[in-house]
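The values are calculated or read from the model by the stated rules, or taken from the named source; none is laboratory data. Since the model is a prediction, treat every value here as computed from it, not as a measurement. Positions of Cβ are generated from backbone atoms using ideal geometry, with glycine treated the same way; all protein chains shown enter the neighbour counts. Side chains included, ligands, DNA and RNA excluded: accessible areas come from the protein's heavy atoms. Shrake-Rupley method; radii C 1.70, N 1.55, O 1.52, S 1.80 Å.
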Amino acid sequence: MACLNLPLDIRYKLENMYLAGIIPGLKQPSLENLNHYICPLINDLVDAWQHGIKFSNTACYPHGRLTHSAVTAVVCDLPTAHHIASMAGVSSHFYCSACNCYHKSTCGRVNFKKWEPRDREKLREYAEQWRDATTSSEHERLFKAHGMHYSELWCLLYWDPSQQLVIDPMHCILEGLVQHHTQNLPGLTSESITSTSPSPAFACDFGEVPGTMTAKELTQISVIRTLLISHIGSGNDQQVEECFDKLKSALSHKNSGPLKFACSSLHCMPQKVGRTLKIDYIKALVNWRRGQPLAAPQKVRSFETAEVLEQIHNVICETTTPTWLGSVPKNFGKASAGTIKADEWRSLITIYLPIALMSLWGASTSHSSDELTVHLRIMLDHTMELVCAVYLACARTMSARRAQAYRSHIAAYVGKLQEIHPTFSLQPNHHASFHIYDYLLLFGPAHLWWCFPFEHLIGIIQCIPINHKFGKLENTMLLSYIKAARLRCWLARPDCPPAIQECGVLFD
């Protein structure tokens, strides 16, 4: 935890951050069990806000001062955010904690002006209903209906997940959108050069699913969609018919409800007098699939991948940058480069990648055909929408105008994804990136509240020597951190002996 009252230059120093605890075990606790770990901390926070804490002596108030403190924001990656708030996971149809958008098929919608924020009082009501339920079947029914368990955070009277459960730009944009765009869309990895796995034949959106569907039926709808857009093959007629037989067999294992919903969404309902059977829905879907592309169109850019990677390597090696700017591995795109960190993704998308792509695909370049030239220019313009969005999201100053510009670039980027890459499936990160606009207006520039300082702290804790005995190592890590933080404070005191202060460099 960090104190937002402190100036930014000392706010995230290790001696000024509060490590409340370390959760033990090899696996993360379930939604219900997590409450037992955060309950003591929440109880202290309730007292700190409702009753206040009296400090007997401070620098400005020698006779003491009563203070009130509150949690302003909970900042973490999307899965952890949903976990700590006891909400359904981001892979569920309740994928957004900030607005009422429902079902994974709505992830790519860009009509953000129509999105309604989640109502705090309704969320509290759903959570308390789950808490007060007396049977496991009632718990399951409520969770299916609302995607909410009870979280101890609701003990904080001011808790509002739609505003305080913050979407972190570091995870959502840098390690989410940027990483996915670079590796999966232009395919800037050495593996993509030799990849032979078929892509989905086309894109397909079923639309919004009715709330009466069970969790099993919702899962089956996603599977049906995957089956329908899968690669059929471009061999002889016999091979194609075998693929359709396999599709028919796979659909026969699905329930009638999801099959009927798929037919309704695709406007291919069976035209039959009398009772409609499950086999009728299957036949209707197979017939609909026959009218769609059998395989994805040949990618025009595939042969450019090796050239682009080589150009990126040249740009990384030849570009002179300030010493404070993090670089990128010179062998980027290869397995030997290891895991690219968030700061490296930021450098890549804002500096190296634009220079490389503009030198290859820009206005003054020539290619083998006009069609290829137009296609590469469209991909360049689309990538630059993401570049502009990242630049604005990571800016050191923020205004309403900059936040609006950020949202405009994100809307342009997400809105054109499936148009340029028809077989691409949108993810919750694409939807969540729109809501960063709201948090830029609420909390200011992203560097004031994003996860970089906390990830740095986690890295330091992971470097503490331990004996790998679970149940003891958590206590060792916690105590080691506290000792180091107290020692840093002592070294910063003006009455610390100069000889001891010289040792301070060991902690920097």
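Numbers at a glance
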item: Yes/no for residue 125 being modelled with pLDDT under 95, assigned to a helix (DSSP H, G or I) and open to solvent by 30 Å² or more (accessible area, probe 1.4 Å); result: no
item: Enumeration of residues in region 145-161 that are buried (at least 16 other Cβ atoms within 10 Å of the Cβ) and part of a helix (DSSP H, G or I); result: 146, 152, 153, 154, 161
item: Helices (runs of 4 or more DSSP H) fully within region 391-508 counting 1 or more residues that are touching a Gly at 6+ places or on another chain (Cβ under 8 Å) and of a type outside the set (S, T, N, Q); result: 400-415, 417-420, 428-443, 473-492
item: Tally of residues being open to solvent by less than 50 Å² (accessible area, probe 1.4 Å), in a helix (DSSP H, G or I), in contact with a helix residue (DSSP H, G or I) (Cβ under 8 Å, 6 or more places away or on another chain) and more than 18 Å from residue 177 (Cα to Cα) across region 359-389; result: 3
item: Whichever residue in region 41-75 is assigned to a helix (DSSP H, G or I) and touching a residue at least 12 places away in the same chain (Cβ under 8 Å) and, among such residues, is farthest from the chain's Cα centre (by Cα); result: 50
item: Close pairs (7 angstrom Cβ cut-off, 6 or more residues apart or separate chains): in a helix (DSSP H, G or I) in region 232-251, small (Gly, Ala, Ser) and surrounded by 11 or more Cβ atoms within 10 Å (Cβ to Cβ) anywhere; result: 239/233; 240/233; 243/233
item: Checklist (1) without any contact (Cβ under 8 Å) to a residue 24 or more places away in the chain; (2) among the aliphatic types (A, V, I, L, M); (3) in a helix (DSSP H, G or I) applied to residue 81, failing item; result: (1)
item: Identity of the residue in region 392-402, out of contact with any Lys or Arg (no Cβ under 9 Å at 6 or more places or on another chain) and under 21 Å from residue 347 (Cα atoms), that ends up least open to solvent (accessible area, probe 1.4 Å); result: 393
item: Long-range neighbours under 8 Å by Cβ, at least six apart or interchain, first residue without any contact (Cβ under 8 Å) to a residue 60 or more places away in the chain and more than 20 Å from residue 172 (Cα to Cα) within region 332-356, second among the polar types (S, T, N, Q) and surrounded by fewer than 16 Cβ atoms within 10 Å (Cβ to Cβ); result: 337/331; 352/319; 355/319; 356/314
item: Inter-residue pairs, beta-carbon under 7 Å, first over 18 Å from residue 32 (Cα atoms) and in region 152-166, second aromatic (Phe, Trp, Tyr), 6+ apart; result: 166/439; 166/449
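Residues checked against (1) over 18 Å from residue 2 (Cα atoms); (2) open to solvent by 20 Å² or more (accessible area, probe 1.4 Å); (3) of a type outside the set (S, T, N, Q):
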site	(1), (2), (3)
68	no, yes, yes
72	no, yes, no
88	yes, no, yes
102	yes, yes, yes
107	yes, no, yes
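To keep it simple, each residue is scored yes or no on (1) buried (at least 19 other Cβ atoms within 10 Å of the Cβ); (2) closer than 21 Å to residue 179 by Cβ.
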{"position": "425", "(1), (2)": "yes, yes"}
{"position": "431", "(1), (2)": "yes, yes"}
{"position": "436", "(1), (2)": "yes, yes"}
{"position": "444", "(1), (2)": "no, no"}
{"position": "454", "(1), (2)": "no, yes"}
{"position": "457", "(1), (2)": "no, no"}
{"position": "460", "(1), (2)": "no, no"}
{"position": "464", "(1), (2)": "no, no"}
{"position": "468", "(1), (2)": "no, no"}
